[in-house]
Amino acid sequence: MTWIVRNLWLIPAIPALAAGLSALASRRRRAFAASLAIGSMGISFLLSLCAFAQALRSSGQGEATRQVFNFPWLQYGNEWLKLGWMLDPLTAVMLVMVTFVGLLIFIYSTGYMAHDQNFTRFFCFLSLFAAAMLGVVIANSLLLLFMCWELVGLTSYLLIGFWYQRPSAAAAAKKAFITTRIGDLAFLIGIVWLYSQAGTLLFYDHGAGCMEQTALAAMVAHITSVGMAASTGIALLIFAGAVGKSGQVPLHVWLPDAMEGPTPVSALIHAATMVAAGVFLVARVYPLMAAHGGMHAAIAPTTALQAVTWIGSITAVFAALIAVAQNDIKRILAYSTVSQLGYMMMGLGVGGVAVGMFHLITHAFFKSLLFLGAGSVIHGCHEEQDIRRMGGLRKFMPVTFATYAVGMLALSGFPLFFSGFWSKDAILHAAQDWSISRTPFYLGAFGALLTAFYMTRQVFYVFFGEARLEGNAGHGAAAGHSEHGAARVPHESPAAMTMPLVLLASCAVLLGLIGTPAWPWFNSFLNGQPAALDFAGFLERGTLPVMLSSTIIVFLGLGLGWWFYGRRPIASADAPDALEQLQPGVFRVLQNKFYVDELYGATVIRWNGWLASLSDWMDRWIFNGAVQAVSYLVIGLSWMARSVDVFVVNPGFDGGCKTVTVGGKILARLQNGRTQAYLRMVGLAFAVLIVFLIWSGRR
Amino acid sequence: MTALGFPQLLHLVLPEVIVVVAALCVLAADLVFMRAAETRIRGAVGAVISVAGCAVAIGWMLHAPQYANVLDGMLVLTPLSQLVQIALLVLTILTILISLGSSFTEHMGEYLALILLATASMMFLVGTQNLLMIFLSLELLSLSLYILAAFNKRSAVSAEAGLKYFLFGGMSAAFLLFGFSLLYGWSNSTNLAGIAQSIHGKLLNPALNPVLDPLLVVAILMTVVGLGFKVAAVPFHFWAPDVYQGAPAPSAGFIASGSKVAAFFILYQVMVLGLAGAEGSGAWHAYAPGWVPVLALAAALSMVLGNLVAIRQTSVRRLLAYSAIAHAGYMLLGILSHTQQSLAALLYYAITYALTVLGAFGVVALVEQEAGGDKLSDFAGLSHRAPVLSFCMLIFMLSLAGIPPLAGFFGKFYLFSAVLAATPGSLGLLWLVVLAIAMSAVSLYYYLQVLKRIYVADAPEGAGPISVPFLRQAVLGLIALSVVLLGCAPDLLLRWLQQAIQTAGY
C-alpha cells in the first residue's frame, strides 16, 4: 500500500483543520481566513493529484485497482465497528474534480464576497464543506459516508442561510435541511437494514465487505415478507437518500430555493459537488443496485436500477420544463441543475457507473462555470437577479460573456467541441439500448431540446439586446430607484472572479475529449480497463444515429430559442415573455413550477401542522403534567435532603465550628464538647451497619 | 522473603525518591537562595523544579519500568500500579501549573513541597499491598492535605476547612487503624494476600463461616469507615463541602483529583484483594452479608444525597463537593462489582473525573480572583468576559454530567456496562445502575445551572473582560482538550489500562 493510500485521510483533514482555525480567528482576520482556506484547498488538490496518479498507475490491475485502508473505530460487545477509506478510479476522479472546482470557487469567492462583513465565517463554512465532501468521496464505509453526508447537509444549511438576516434565506435553509432530511431518514433505515443483513458497513474489506460477492449473494437470496429481495429494498432506501440530496422529483423543491445563498455557494455546493453526492452515492453502491439473483443479469436491469432510471428521466424533463418559464438567472440554472442531475441518474440506471459519472464530471465544470458567470453578472449588475432587467451585457462584460457562452453551449450539448455533448450523448446512447422501455430515451431527447431552448432564452435575455438595468437610460420600471441612475451601470468583475471563469471554460471544452466514443478513456478508467484510440468507435451500432439526432435536437432548441427571443431585441423589462403571449395558460403553470410547492403546502405541510398542534396539545397537557409531577417529587425530595443537611447536620457541625473560630480563647474547652456532632453521625452509621450485618448474617 | 539490599530497594522506589528529592530541592531553593526574591519568581522557580521532578519520575517509569513484590507486600510494583502512579504525577503537574500565580500565599515553596510530599505518599500508597504501608502512606498523605487545605493563612474559612478536615480525618484514621489491627489479629498477617488466604482457609470449614464472625465484620466496617472518608462516600462525607469551599482552590482541586484516584485504587485493593471471600452480595433478592452490600448501600446513599443536595447549592465549590460525593457513589459501583472489566472502567472513570474536576477548580480559582467569590451569581455573563475560560468550563460541566462525546459519558457508559456484566445471567445489580442513571439525569440540572449563569445571564454592570494569565489558560485548555480527546477516543487510555490489568493479574 502506497503512502498516499495510507494517508488519504489528509485530503479532507486539511480543509477541516483550516475550518477549525478560521472558526477561532476573529472577524477582522479576512486575509488570514481566505488564505487558509485557499491554501488548504491547494494542498488537498495536490494530494488529490497524487492520489489520481496512483489510481492511474494501478488502473487495470484487477483487484489492485481498488486499494482500501480500514481501521477499527470502536468496540461494542465483541464486535468492532470499522471505518476506512479507499482509493479507486471513482474516488480519484471525484477527488480531483472537487478539489479543483473547489479551489477555483474559493479564489472566486475572495472577489465575490469582498464586501461582506462575515467574510471569515464564509470561508470557515466553505472549508468545512470541502472537508465533508471529500470525506464522502473517500469513505469506504457507509457509516463514514453517512456522517460526512450529514456534515455536508449541515454546511449546506449554514451556507444557504449565510445571509440569515433575510427571512427568505433563513426559510430556504430550513427547507433544504428538512427536505433532504426526509431522504436521509430513508437512507439511514437502509443503512441499518444493510448492517443487519451484511454485518458490516465497509464497502470493500478483502471479500468481507457489503459490496462484495458474499454479502450481495446473501442479500439477494433473502426474500422479505413483501416478496422483495432484501438487496432491492436496501438499494431503494439508499436511493431515497440520493433523491433527497440530488434534488430528484419529488424531493427537488429545496434546490431552487437554495439559490438564496451566495452565488459561489450555489456554484460549489448546489451545482458541482454536493448535489452530485447523490449520484456519487448511487455509483458507489452500484454493485448493490445491480445485484441480481438469477442468470439474466445482463438481460433485465434490477428493480432498483429501473427506479433510478425512471426517477432520473422524469426529473430531467420535469425540471427542464420549469426552467423554461423562470426569470431569475440563478433559478433557471438551479432547475437546469435538477434536470441535469436527472440525466446523471438516468445514465447510471441505463448505462452503469461510467456513463452517469462522466456526465457528473463534465456537468460539474460547466455548471459551476455558468453559476460563477451568473455570479459575475449579478455582481456587475449590482445584485440584480431578474433576467428581464438585464440585457446587453455583452458589451459591458466581455470576459463573462465569452465564458458564459462556452458554458451555455456545453450545457446545451453543442456538437463535437463541448464536453456536454459527449457526456449527454453517452447517456442517450445507453438509453436507446435499454431493454425495458424506450420512453426514457424520448424523455431524455425532449429534455435536451428544452435545455438548448431555455439556455438560449437566458443568454438572449442577459447578454443581447439593450441594457434594461433599472435606472439605466430611463428603462427602469421602478421609479423609486432612479436616483441611483448614474451608479447602476454594469461593470466587468475583478480578475479574481474572471480568472476562474476562464479556467473552468477551458475545462468545459477539453473534458469532452476523454469520453468520446472514439477514445472512451474515462469509461475504461472507471471500469479498470485500458483505453485505446479507435475511430471505429463512431461506426458502432447506433452511435452515429444517436449523435446525429441529438445534434439535430440541439440545433432545433437553439433555433427555437433564437426565433422566440433573439429575432427581435427585447425592448422593455415589462414586456410579456414571448412564450407567454403564445400560451399564457401553460406558461403560468410552468412559471409556478407545476404548483408542487403549493401541493406540498396543502398536503404534507398542513398534515404536519395538524400533527404538530396535536403533539403540542399532548405535550402541554399530558406529558408536561407527568414531568411536572415528577419534578415536584424530586424537588420535594431534594428539599427534604437539604433540610436534613441544613437542620440536622450543619447546626451541629457549623455551630461547633463557629464557636471554635469565634471563641478564640475558650476554644480548647468548647471544642471538646461540640465538634463531635458529625462524628457522632459516623459512629452511629458504623453501629447501625454492624448491627445490620451481624443480624442479617445470623438469620 | 528474600533479603533485599538498600541499593536494590532504592532502585525500586526511585520515582518516589525523585519526587521527594524534588520536594526538598524546592524547599531548599526557596528558603536558602530566594528569601529576598519576589513571590512570583519564587513560585515560578519552585514550580519549574517540581514539574521537572515529576516529569523525570514519569520518564523513569516509562523508560525503565520495575516490577517487584518484596518485603511481604510492602512494595508491590505492577504495570497497573505504575500506570496509576503516572496518572497521579500528571495530575500533580497540572495542579502545580494551575496554582501558579495564585495569590493566596507568599510561601509557594512550602506549598509546592507539600504537594510533592503528598504525591510521593500517594505513589507509595498505590505501590503497596501491606496494611502497615497503606496506613503510613495514608497518614502522610492526609497530613499533607490538611496543611494544604489550611494554607491560606489570611482566610478564616481556609483555617476552618483545615481544622474540620483534620478532625474528621483524625477520627477516620483511628477507625482505620483499629480496623487494620483487628484484621491483623484475626488473620495474623498484614499482607493483603495473606489476609485473603486466611479468609479462604476459614471458608473451607462450614462451621466457621468467616462472614458471620463479628470480629471480621467489625474489622471490615472500620476499614470501610476509614477509607470511605478518603473517597467522601455518604455517610462519611461531611467534611467534603466545607473543605472544598474553604481550602485554596488548587488545594481543593488536588484533594478532589489526585487523592481521589489514589483512594479509590487502594479501596479496591483492600476490598477486592484483601477481603476476597468475604464479599457477600448486594444483588436484588440475593442479599448475603459481606462488604459488597455495605459499599452498595454507601454508593446508593452517595448518589442520592450528593445529587439531590447539589441542586440546592448556590456556591460552585459546594456544588462541586456534592457532585464529588455523587461521583464517589458511581465509582463505588466499580469496586463492588469487582471484575477486571470494572476495575478498568473504575480507573478510567476516576482518572477522567480527576482531570475534569481539576480543570473546574482551575476555572473557579480564576473567577474567584476576578469576581471575588464562587457564588453562582459571580459566574453570570462569564462567556462575554472570558470566552475561552467559559468554553473550558462548558466542557468540564458537560463531561461531569456525562454528555457524549466527552470523557464523562464514556466513563459512565463503561462503568455501568461493567457493573451489569459483573453478574452474568442475572440483573442483580441492575437496581444500582438504574438508580445511578436516574441520578445522573438529575445531576444535569445543577451542572446546567452553572452553564446557564455563564452563557445566558447578563454580566453585572461595569464588569469588563477578565484577563487570564496565558499559562493557566493554556493548561485549562489542555485539560479540556484531553477531556474531549479521551471521550472521542477512549481507547487511548482504556486499552493501556486493560493491558496493565491483564499483566498485573487482577
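Readers should treat all values here as calculations from the given coordinates under stated rules, not as data from a laboratory. Bear in mind the structure is a predicted one, so any value in this text is a computation, not a measurement. Cβ sites come from the backbone with ideal geometry, for glycine too, and all protein chains shown count toward neighbours.
Things worth noting here:
- Sorted by Cβ density within 10 Å, fewest first, the residues A:Glu540, B:Glu370: A:Glu540, B:Glu370
- Nearest-0.05 FRET efficiency for B:Lys452 and A:His206, computed from C-beta distance (R0 56 Å): 0.60
- Approximate shape of the stretch B:6-504 as ellipsoid semi-axes (Cα gyration tensor, √5λ), whole Å, largest first: 35, 27, 20
- Euclidean distance of C-alpha centroids, the stretch B:478-494 and the stretch A:549-596, integer Å: 61 Å
- For the stretch B:333-436: relative contact order, % (alpha-carbon pairs under 8 angstrom, 6 or more apart): 36 percent
- Burial ordering of A:Arg588, A:Arg568, fewest other beta-carbon atoms within 10 Å first: A:Arg568, A:Arg588
- Rounded to 10°, Cα long-axis angle of helix A:10-24 versus longest principal axis of chain A: 70 degrees
- Where the Cα pairs of the protein assembly as shown fall when distances are cut into 10 Å bins, in %: 2, 9, 15, 17, 15, 13, 12, 9, 6, 3, 1, 0
- Judged by the gyration tensor of its Cα atoms, with axes a ≥ b ≥ c, the stretch A:329-470 is prolate; a/c meets the 1.5 cut and a/b is the larger of a/b and b/c.
- Estimated FRET transfer efficiency when R0 is 30 angstrom, pair A:Leu416-A:Leu49 (beta carbons, to 0.05): 0.55
- Charge dipole (debye, nearest 20) of chain A; +1 at Cβ of Lys and Arg, -1 at Cβ of Asp and Glu: 2000 debye
- The charge dipole of the protein assembly as shown, taken about its Cα centre with unit charges on the Cβ atoms of Lys, Arg (+1), Asp and Glu (-1) only, comes to about 1180 debye.
- For the segment B:233-239, counting C-beta atoms of other chains within 10 Å of every residue's C-beta and taking the mean gives 4.
- Whether the stretch A:520-632 is rounded, prolate or oblate, judged on the alpha carbon gyration tensor where a/c under 1.5 counts as rounded: oblate
- Three semi-axes of the equivalent ellipsoid, chain A, Cα gyration tensor, whole Å, largest first: 56, 35, 26
- Helix-derived mean residue ellipticity, 222 nm - over chain B, DSSP H n ≥ 4, -39500 (n - 2.57), to 500: -24000 deg cm²/dmol
- Within straight-line cross-link reach of B:Lys164, lysines at Cα separation under 25 Å, skipping those fewer than 8 residues along the same chain: A:Lys658, A:Lys665, B:Lys153, B:Lys230, B:Lys260, B:Lys375
- Vicinal HN-Hα couplings computed from phi for the stretch A:98-112 (Karplus, 6.51 cos²θ - 1.76 cosθ + 1.60; Hz; Gly/Pro x): 4, 5, 5, 4, x, 4, 4, 6, 4, 4, 4, 5, 4, x, 5
- Cross-link partners for A:Lys367 among the lysines, with Cα-Cα distance under 24 Å and sequence neighbours closer than 8 places in the same chain left out: A:Lys175, A:Lys245, A:Lys330, A:Lys395, A:Lys424, A:Lys593.
- Using θ = phi - 60° in the Karplus curve 6.51 cos²θ - 1.76 cosθ + 1.60, the 3J(HN,Hα) couplings for the stretch A:262-271 round to x, 4, x, 5, 4, 5, 6, 8, 9, 9 Hz; x is entered for Gly and Pro.
- Summary of the geometry: the stretch B:13-83 and the stretch B:157-201, compared by the centres of their Cα atoms, lie 27 Å apart.
- Helix A:650-663 and the longest principal axis of the Cα set of chain A meet at an angle near 70°.
- For a straight C-alpha distance cut-off of 15 angstrom, the aspartates and glutamates reachable from B:Lys202 (same-chain residues fewer than eight places away being disregarded) are B:Asp213, B:Glu279.
- Taking the number of Cβ atoms within 10 Å of each Cβ as an exposure proxy, the fewest-first ranking of A:His363, A:His206, B:His107 is A:His206, B:His107, A:His363.
- Dipole magnitude for the stretch B:6-504: computed about the Cα centre from +1 point charges on Lys and Arg Cβ and -1 point charges on Asp and Glu Cβ, it is near 400 debye.
- Calculated FRET value between A:Arg27 and A:Ala171, using beta carbons and R₀ = 30 Å, to 0.05: 0.70
- Rounded Å value of the spacing that divides the Cα centres of the stretch A:38-112 and the stretch B:337-366: 39 Å
- Taking Cα atoms only, the orientation of helix A:30-57 departs from the longest principal axis of chain A by about 70 degrees.
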